[in-house]
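Data block below; observations after.
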Amino acid sequence: MYCPPAWLRLGLLSLVLGGIVVSAAIETREPTWILARLEDLGPLLPLAFIAVHIVASLTFVPRSAMAFVAGALWSFWTACLWSQIGATAGAVSGFLLARYVNAGLLVPEEMARLGPLLLRAEAGGWRSVMVVRLIPVLPHALTNYALGLTRVSLRAYAAGSFLGLLPHSFAFVSLGVSGRRVLEGGAWLEPMLWGFGFLALSILLPKLLRRSAS
């Protein structure tokens, strides 16, 4: 594994920590704050959305906020597309950042509490990554960084993340579409029900997958 020089690792870590502090100090966790800075970008909007999603994923901005923004910017399927691409790109960015900043400093086998969980995820490959992603209460950024400490391959991580993030993308985008329709005076109940339905699915799927594996 490539081991970056100490100064580069320290610089990257400082940038991320600074971003987290700035994110906590201003209103970046509010979808309306993010929406106000994206909605007038015209043809550059998809690329800007993905870039902002990556930064949000690195600085502990909830991915639900970005999915709400997508639902407010685009129609349902277009919003799901860009939300899923942004979430996966953010997940991969956090994973790679943790892997190369860590560069062997933290070894899962030597971590008393977190280590066994990371080793289990490592052994399960993309399936374990997918199941972890389906758990809605786990912070997106924390999961990215934690799994970056394992030896899960980038391909397995990206595939598992993409599949595991799908129900959440559908759920939060549906809720974002519902919120937009409330403001526009449109039909908001159906997308809201779909959103809660997908959230329920994301909660049930890990249990069903564990049962089928046992």
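Counting only residues that are over 17 Å from Ser178 (Cα atoms) and out of contact with any Ser or Thr (no Cβ under 8 Å at 6 or more places or on another chain), segment 56-80 holds 1 of them.
Within segment 197-211, one or more residues are at pLDDT below 85, of a type in the set (Ser, Thr, Tyr) and in a helix (DSSP H, G or I). Listed conditions (1) modelled with pLDDT of 90 or more; (2) hydrophobic (A, V, I, L, M, F, W, C); (3) over 29 Å from Glu184 (Cβ atoms); (4) surrounded by 18 or more Cβ atoms within 10 Å (Cβ to Cβ) are all met by Val101, apart from (1). Could you tell me whether segment 177-193 includes any residue that is assigned to a helix (DSSP H, G or I), within 24 Å of Leu117 (Cβ to Cβ) and either in contact with a Gly (Cβ under 9 Å, 6 or more places away or on another chain) or aliphatic (A, V, I, L, M) (or both)? Among the residues of segment 177-193, not one is assigned to a helix (DSSP H, G or I), within 24 Å of Leu117 (Cβ to Cβ) and either in contact with a Gly (Cβ under 9 Å, 6 or more places away or on another chain) or aliphatic (A, V, I, L, M) (or both), which makes the answer no.
In segment 135-159, the residues that are more than 13 Å from Ser93 (Cα to Cα) form Cβ pairs under 6 Å with partners that are surrounded by 15 or more Cβ atoms within 10 Å (Cβ to Cβ) and of a type in the set (D, E, K, R), at six or more places apart or across chains, as follows: Thr150/Glu122; Arg151/Glu122; Val152/Glu122. The single residue among Ser174, Ser202, Ser169, Ser153 that is of a type in the set (Gly, Ala, Ser) and over 17 Å from the mean Cα position of the chain (by Cα) turns out to be Ser153. Considering the conditions (1) in contact with a helix residue (DSSP H, G or I) (Cβ under 9 Å, 6 or more places away or on another chain); (2) surrounded by fewer than 19 Cβ atoms within 10 Å (Cβ to Cβ); (3) closer than 25 Å to Phe162 by Cβ; (4) aliphatic (A, V, I, L, M), Leu47 is excluded by exactly one of them, (1). Selection of first residues in segment 191-214 that are within 18 Å of Gly160 (Cβ to Cβ) and of second residues that are modelled with pLDDT of 70 or more and buried (at least 17 other Cβ atoms within 10 Å of the Cβ), restricted to Cβ pairs under 6 Å at least 6 apart or on distinct chains, gives the following pairs, ordered by first then second residue: Leu201/Pro167; Ser202/Leu134; Ser202/Pro167; Ser202/His168; Leu205/Leu134; Pro206/Val131; Pro206/Leu134; Leu209/Val131.
For segment 156-166, state whether one or more residues are surrounded by 16 or more Cβ atoms within 10 Å (Cβ to Cβ), touching a Cys at 6+ places or on another chain (Cβ under 9 Å) and either in a helix (DSSP H, G or I) or polar (S, T, N, Q) (or both).
Kept after step one, since they are surrounded by 16 or more Cβ atoms within 10 Å (Cβ to Cβ), are these residues of segment 156-166: 156-166.
From the residues that got through so far, the ones that are touching a Cys at 6+ places or on another chain (Cβ under 9 Å) too are 166.
Going one step further and asking which of them are either in a helix (DSSP H, G or I) or polar (S, T, N, Q) (or both), we end up with 166.
Among the residues of segment 156-166, at least one is surrounded by 16 or more Cβ atoms within 10 Å (Cβ to Cβ), touching a Cys at 6+ places or on another chain (Cβ under 9 Å) and either in a helix (DSSP H, G or I) or polar (S, T, N, Q) (or both), which makes the answer yes.
The values are calculated or read from the model by the stated rules, or taken from the named source; none is laboratory data. Keep in mind that this is a model prediction, so the values were computed, not measured. Heads up, the Cβs are rebuilt from the backbone with ideal geometry, glycines too, and the neighbour counts pull from every protein chain shown.
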